[in-house]
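The structure appears below as C-alpha cells.
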Amino acid sequence: MERMRIVVAERDAAFRKNLKEMLTQAGYLVVGEAADGMSAIKLIHGLQPEMVLASASLPVLNGLELAKIIEESRLAALVLMVDYGEKDLVYGAGDRWSVPVLVKPFDQFHLVSILEYTNAVFCKMAGLEGEVHRLRSDLETRKIVEKAKGILMKAQKLTEEEAFKRIQQQSMKKRTSMKNIAEAIITAFDLSDNG
C-alpha cells in the first residue's frame, strides 16, 4: 500500500521537525512543509497531497482560512492542530465547522488515529460525491432520451420500444452516446418546428 502523502503547515520550526519525525516513523511521507498558510496553499496545489496537517495559528493565512479553501475545493483531507488555549476559537466557529481538530500536545497514537480516520472519511465523501455526479448525469441522460423518444413516437408513429431501439441503433451506428443522438433528435425537431 502506498504511503499517505502529507503537507505539514506549522509556524514553529522545532515542532514541525518533531511532527515530521513522528509522521515518518508512523510510515507517512511528508512531501512538503510550510511555515505560513499562503506557502501551504501553494505547496498543496503543486504537490497534491492526500492529507494536510495544519496549525490553526498560521501567519498570513490562518489555519481556519486555509481549511476553508482546502475543504471547499476538495484539495485534500485536512486535520487542524490547535493549542489547548485556541480550541475555543475553532469550536466557536459554530455548526459550519467540519474539520477534525487535534489539540496539542498529542502523541503518535492520537495523531495516527485521527489521520487515518480523516483520510477514510475524505475518501468515502469523494466516492459519494462521484456517485451523486454519476446519478445526476444518468438522470439528465434519461430525461433527454425520454424527450427524444416522445418526439420520434409522435413524428414517426412509433411505439415507445421502437423509438428507444431507433435511438439505440443510431448510437451504435454512429459510435456515440444515446444522449448525443437524443440531443440531435431534439435539436432537429426544434429546428423543423421553428422553421
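The values are calculated or read from the model by the stated rules, or taken from the named source; none is laboratory data. This structure is a prediction, so every number in the text was calculated from the model and none was measured. Neighbour counts are summed over all protein chains in view; Cβ atoms, including those assigned to glycine, are modelled from backbone coordinates with ideal geometry.
Which pairs turn up if I take residues in the range 115-131 that are closer than 14 Å to residue 5 by Cβ and look for partners that are at pLDDT 90 or above and assigned to a helix (DSSP H, G or I) with beta carbon separation below 9 Å, at least 6 apart in sequence or on another chain?
If the second residue must be at pLDDT 90 or above and assigned to a helix (DSSP H, G or I), the pairs left are 115/23.
Mind checking which residues of the range 50-73 are within 12 Å of residue 119 (Cα to Cα) and either under 13 Å from the mean Cα position of the chain (by Cα) or free of Cβ contacts under 8 Å to residues at least 12 places away in the same chain (or both)?
50, 51 - these are the residues of the range 50-73 that are within 12 Å of residue 119 (Cα to Cα) and either under 13 Å from the mean Cα position of the chain (by Cα) or free of Cβ contacts under 8 Å to residues at least 12 places away in the same chain (or both).
Filter the range 1-30 down to residues that are of a type outside the set (D, E, K, R) and either within 15 Å of residue 73 (Cβ to Cβ) or surrounded by 15 or more Cβ atoms within 10 Å (Cβ to Cβ) (or both), then give me how many there are.
The number of residues fulfilling the criteria is 12.
Checking residue 28 against (1) in contact with an Asp or Glu (Cβ under 9 Å, 6 or more places away or on another chain); (2) in contact (Cβ under 8 Å) with a residue 40 or more places away in the chain, only one condition comes out false. Which one?
All conditions are met except number (1).
Can you pull out the residues in the range 31-48 that are in contact (Cβ under 8 Å) with a residue 24 or more places away in the chain and surrounded by fewer than 16 Cβ atoms within 10 Å (Cβ to Cβ)?
45, 47, 48 - these are the residues of the range 31-48 that are in contact (Cβ under 8 Å) with a residue 24 or more places away in the chain and surrounded by fewer than 16 Cβ atoms within 10 Å (Cβ to Cβ).
Quick one: which residue in 54, 40 is modelled with pLDDT of 85 or more, aliphatic (A, V, I, L, M) and assigned to a helix (DSSP H, G or I)?
40
Of 155, 188, 163, which residue is surrounded by 15 or more Cβ atoms within 10 Å (Cβ to Cβ) and either at pLDDT below 90 or assigned to a helix (DSSP H, G or I) (or both)?
Exactly one of 155, 188, 163 is surrounded by 15 or more Cβ atoms within 10 Å (Cβ to Cβ) and either at pLDDT below 90 or assigned to a helix (DSSP H, G or I) (or both), namely 163.
Looking at the range 27-37, can you tell me whether even one residue there is modelled with pLDDT under 95 and assigned to a helix (DSSP H, G or I)?
Checked against the condition, which is being modelled with pLDDT under 95 and assigned to a helix (DSSP H, G or I), the range 27-37 yields at least one hit.
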